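Chemist: For reference, the structure I am asking about is given below.
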Amino acid sequence: MVRITNPGQMTIITKLRHYPLITICVALYLIIAAIPFVVGSSLVSHYSIESLFWLNGYLSDVMRRPWSPITYMWLHNSVLHLVVNMLILYGFGKVFLSYFTERQLIRVFILGGLVGGMLYPLVFEAMNSLGLHPFPLPLLGSSGAVMSIAMAISCYAPHHTLMPIGRWCFSTLTLGILLIVLSFYPLLVGNTGGVITHLGGAATGVIWGIAMKQKHVRKALTESSVRRKESEEKARRSGYKALSKEERSRLWQ
């Protein structure tokens with residue numbers, strides 16, 4: 001993480017370094033949008049460029065283009081899609097970084113995007129084998145990856161206030177549940193793959209958040225047990241009166 005000694009002297013570049021995931025997604029969107037104008041060819045369009053990187057619902061297509069489960073999560077097909085995902089990432093990401101590191105944020109983002117993305121063709125292949133034959137729309141966007149961040153911190157710190165509005169305060173868990181509900185919205189436009197990816201990313205975040213919470217609880221209990229044993233040993237050596245107030249309180253826990 002970048003540390004600023006004088007916030008008043010923060011440059012634009014330094015600000016961008018605080019949010020590398022958002023910076024990358026926004027930069028890629030602007031670059032792809034600008035390429036057709038720079039090249040000036042009717043053969044190159046925004047759509048044709050996106051098609052090189054999107055994720056398809058056919059597992060055979062994923063095998064032919066093994067980069068697509070990685071590349072799809074960094075691109076967006078509209079300004080609204082980009083803005084919504086980046087706002088959610090910004091809000092939940094700030095809370096995430098108050099408990100974890102930027103490296104962990106990036107890892108959960110990519111892991112959630114990968115799991116959610118690969119779940120899409122796998123589920124569609126299973127549906128095809130059952131004779132359902134759904135139509136796989138090409139998939140772009142970081143929704144699955146963003147959902148993993150949101151749900152990870154919602155499970156790890158469910159009561160952390162994320163968005164206070166007047167007298168109303170919304171916790172990460174409340175907003176996380178709301179995001180799960182809204183994840184089914186793509187069904188209204190026939191985008192079943194989007195829903196699968198959202199839920200796959202959300203499940204990844206839930207598992208990661210719960211695992212990290214259990215890990216930290218076990219660590220705290222272990223440290224507490226060690227400190228208690230140290231206090232007991234000191235009391236045996238030097239007597240109860242030699243213990244500090246904090247050490248005495250440990251013996252009665």
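The values are calculated or read from the model by the stated rules, or taken from the named source; none is laboratory data. Note that the coordinates shown come from a computational prediction; the quantities given were computed from them, not determined experimentally. Ideal geometry is used to build each Cβ from the backbone, glycine not excepted, and the neighbour counts take in all protein chains shown. All accessible areas refer to the heavy atoms of the entire protein, side chains included, with ligands and DNA or RNA removed. Shrake-Rupley method; radii C 1.70, N 1.55, O 1.52, S 1.80 Å.
Chemist: When you check L178 against the structure, is it in contact with a strand residue (DSSP E or B) (Cβ under 9 Å, 6 or more places away or on another chain), surrounded by fewer than 17 Cβ atoms within 10 Å (Cβ to Cβ) and among the aliphatic types (A, V, I, L, M), yes or no?
Modeler: When the stated conditions are applied, L178 passes them.
Chemist: Against the definition (closer than 23 Å to S183 by Cα, buried (at least 16 other Cβ atoms within 10 Å of the Cβ) and modelled with pLDDT of 95 or more), how does Y72 come out, yes or no?
Modeler: Yes; evaluated as a whole, the condition is true for this residue.
Chemist: Could you pull out the residue among L97, L87, L21, L82 that is closer than 28 Å to P121 by Cα, out of contact with any Cys (no Cβ under 8 Å at 6 or more places or on another chain), open to solvent by less than 90 Å² (accessible area, probe 1.4 Å) and modelled with pLDDT of 90 or more?
Modeler: Step by step, each of L97, L87, L21, L82 is checked, and only L21 is closer than 28 Å to P121 by Cα, out of contact with any Cys (no Cβ under 8 Å at 6 or more places or on another chain), open to solvent by less than 90 Å² (accessible area, probe 1.4 Å) and modelled with pLDDT of 90 or more.
Chemist: What is the number of the single condition among (1) small (G, A, S); (2) assigned to a loop (DSSP other than H, G, I, E, B); (3) buried (at least 16 other Cβ atoms within 10 Å of the Cβ) that A145 does not meet?
Modeler: That leaves (2) as the condition not met.
Chemist: Within region 34-59, restricting attention to residues that are in a helix (DSSP H, G or I) and out of contact with any helix residue (DSSP H, G or I) (no Cβ under 9 Å at 6 or more places or on another chain), which residue is least open to solvent (accessible area, probe 1.4 Å)?
Modeler: Among those that are in a helix (DSSP H, G or I) and out of contact with any helix residue (DSSP H, G or I) (no Cβ under 9 Å at 6 or more places or on another chain), it is A34.
Chemist: Could you list all residues from region 111-141 that are touching a residue at least 40 places away in the same chain (Cβ under 8 Å), open to solvent by 50 Å² or more (accessible area, probe 1.4 Å) and over 18 Å from M63 (Cβ atoms)?
Modeler: Selection gives L111, F135, L137.
Chemist: If you don't mind, there's one more thing I want to ask. Six or more apart or on different chains, Cβ atoms under 8 Å: show the pairs whose first residue is in region 45-59 and β-branched (V, I, T) and whose second is open to solvent by less than 50 Å² (accessible area, probe 1.4 Å).
Modeler: Hits for this filter: I49/I32; I49/P36.
Chemist: Something else now. Please indicate, with yes or no, whether at least one residue in region 181-189 is in contact (Cβ under 8 Å) with a residue 12 or more places away in the chain, open to solvent by less than 50 Å² (accessible area, probe 1.4 Å) and within 30 Å of M127 (Cα to Cα).
Modeler: The answer is yes, given that some residue of region 181-189 is in contact (Cβ under 8 Å) with a residue 12 or more places away in the chain, open to solvent by less than 50 Å² (accessible area, probe 1.4 Å) and within 30 Å of M127 (Cα to Cα).
Chemist: Would you mind stating whether V226 is open to solvent by 60 Å² or more (accessible area, probe 1.4 Å) and either at pLDDT 65 or above or touching a strand residue (DSSP E or B) at 6+ places or on another chain (Cβ under 9 Å) (or both)?
Modeler: no
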